[in-house]
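Visitor: Okay, handing you the structure first.
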Amino acid sequence: MDLLEARLRDLRAPMVLDVATGGGGFSAHLRSEYGGLGTIVAVDVSEDGLGRARSNLKRIADLLPVCMDSACMAFQEGCFSLVCISNSLHHLDGLEETLEEMIRVLRPGGRFLVREMYRDGQTETQMTHVMMHEWWAAIDRRNGISHNRTFRRQEILNIVGNLDLEDVITGDYSSLESDPLEQELVRQLDSAIDSYLHKLEKTGGDPELRRRGDELRKRLTTRGFHSASSLSVMGRKPVPPKP
């Protein structure tokens, strides 16, 4: 177990905030893996995404999905002991505003956690994921959805570095043990390609994006797929000196 995971397992946080929760997968992961966490408030600006979160998380105790703009949150200053965001930095239009809000609602001495996939330094099979993500993002943007390029690893470090946190620790995570050409995985991802091609056609189509989709389908069945490596960064909000 690395240092970051050990710190999370030892952490006692009565109130947790999961920002841009989407379908709630990271909130569920927090609840299942870290026993010292209390109530988890999972916020997302999308009512559709939050509907999926409510369905996915309805059997999990002390987990509250809330529809809210992360760039302007209706929480009191310093009311959370842990604030986190997982694989959603690249979805935020108001990235700086959201980070400022996350710091505002974090209590002094509380922990700030970011987990984000990155695009550099990946294996050939992981690059399939990166290339798919870049393609999905391009089609989402044509549909008016905020979905930016995958960050480089150093860019994530720079983003967190600008927050003036203390005791910053990092961890890189990847899983390459599974068969990258496993039939069910390929089938699911092939279906995802079909879904995004349908979204593309609804915007009037684009020959270059369609070509990229066809190339991704071929790459998926020849080189295979592994999830891209992700970087976790955790730091502590400084405690102001006593007057």
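Visitor: Take the residues in segment 73-116 that are out of contact with any Phe, Trp or Tyr (no Cβ under 7 Å at 6 or more places or on another chain) and among the small types (Gly, Ala, Ser), then tell me which one is farthest from Asp44 (Cα to Cα).
Guide: Gly109
Visitor: Among the candidates Ser174, Ser232, which residue alone is within 20 Å of the chain's Cα centre (by Cα), buried (at least 17 other Cβ atoms within 10 Å of the Cβ) and of a type in the set (Ser, Thr, Tyr)?
Guide: Only one candidate passes the filter, namely Ser232.
Visitor: Then there is this: Looking only at residues that are acidic (Asp, Glu) and in a helix (DSSP H, G or I) in segment 31-55, which one is farthest from Ala74 (Cα to Cα)?
Guide: Among those residues, the one meeting the criterion is Glu33.
Visitor: Kindly provide the set of residues from segment 202-221 that are within 19 Å of His129 (Cα to Cα) and surrounded by 11 or more Cβ atoms within 10 Å (Cβ to Cβ), ordered by number.
Guide: Leu209, Arg210, Arg212, Gly213, Asp214, Glu215, Leu216, Arg217, Arg219, Leu220, Thr221
Visitor: Just to be sure I understand the filter: pairs with C-beta atoms under 6 Å, separated by 6 or more residues or on different chains, first member in segment 87-106 and in a loop (DSSP other than H, G, I, E, B), second member surrounded by fewer than 19 Cβ atoms within 10 Å (Cβ to Cβ). Which pairs pass?
Guide: Close Cβ pairs satisfying both conditions: Asp93/Ser146; Gly94/Ala71.
Visitor: Of the residues in segment 17-33, how many are within 17 Å of Leu64 (Cβ to Cβ) and in contact with a Lys or Arg (Cβ under 9 Å, 6 or more places away or on another chain)?
Guide: 4
Visitor: Going through segment 177-196 one residue at a time, which ones are within 24 Å of Ser86 (Cβ to Cβ) and not in a helix (DSSP H, G or I)?
Guide: Result: Glu177, Ser178, Pro180.
Visitor: Going by the structure shown, is Val83 surrounded by fewer than 18 Cβ atoms within 10 Å (Cβ to Cβ) and either touching a residue at least 40 places away in the same chain (Cβ under 8 Å) or not acidic (Asp, Glu) (or both)?
Guide: For Val83, the condition - surrounded by fewer than 18 Cβ atoms within 10 Å (Cβ to Cβ) and either touching a residue at least 40 places away in the same chain (Cβ under 8 Å) or not acidic (Asp, Glu) (or both) - is not met.
Visitor: Among (1) small (Gly, Ala, Ser); (2) assigned to a helix (DSSP H, G or I); (3) free of Cβ contacts under 8 Å to residues at least 12 places away in the same chain, there is one condition Ala28 misses while meeting the rest; what is its number?
Guide: (3)
Visitor: Now for a separate question. Does segment 154-169 contain any residue that is exposed (fewer than 15 other Cβ atoms within 10 Å of the Cβ), acidic (Asp, Glu) and free of Cβ contacts under 8 Å to residues at least 12 places away in the same chain?
Guide: no
Visitor: Pick out the one residue from Val105, Val114, Val45 that is surrounded by 16 or more Cβ atoms within 10 Å (Cβ to Cβ) and farther than 20 Å from Leu163 by Cβ.
Guide: Numbers: Val105 fails: farther than 20 Å from Leu163 by Cβ; Val114 fails: farther than 20 Å from Leu163 by Cβ.
That would be Val45, the only listed residue that is surrounded by 16 or more Cβ atoms within 10 Å (Cβ to Cβ) and farther than 20 Å from Leu163 by Cβ.
Visitor: Is there any pair linking a residue in segment 7-22 that is at negative phi and surrounded by fewer than 19 Cβ atoms within 10 Å (Cβ to Cβ) to one that is at pLDDT below 95 and among the charged types (D, E, K, R), with Cβ under 9 Å and at least six apart or on different chains, and which?
Guide: Between residues of segment 7-22 that are at negative phi and surrounded by fewer than 19 Cβ atoms within 10 Å (Cβ to Cβ) and residues that are at pLDDT below 95 and among the charged types (D, E, K, R), the close pairs are Arg9/Glu33.
Results for (1) among the polar types (S, T, N, Q); (2) at pLDDT 95 or above; (3) part of a helix (DSSP H, G or I), shown as yes or no for each residue.
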{"site": "Met132", "(1), (2), (3)": "no, yes, yes"}
{"site": "Trp135", "(1), (2), (3)": "no, yes, yes"}
{"site": "Arg149", "(1), (2), (3)": "no, no, no"}
{"site": "Leu163", "(1), (2), (3)": "no, yes, no"}
{"site": "Ser175", "(1), (2), (3)": "yes, no, no"}
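Visitor: Could we say that Ile139 is surrounded by 18 or more Cβ atoms within 10 Å (Cβ to Cβ), over 14 Å from the mean Cα position of the chain (by Cα), farther than 22 Å from Asp167 by Cα and of a type in the set (A, V, I, L, M) here?
Guide: Considered against the rule, which asks whether it is surrounded by 18 or more Cβ atoms within 10 Å (Cβ to Cβ), over 14 Å from the mean Cα position of the chain (by Cα), farther than 22 Å from Asp167 by Cα and of a type in the set (A, V, I, L, M), Ile139 comes out as yes.
The values are calculated or read from the model by the stated rules, or taken from the named source; none is laboratory data. Everything quoted here is computed from the prediction, not taken from an experiment. Note: ideal-geometry Cβ built from the backbone for every residue, glycine included; neighbour counts use all protein chains shown.
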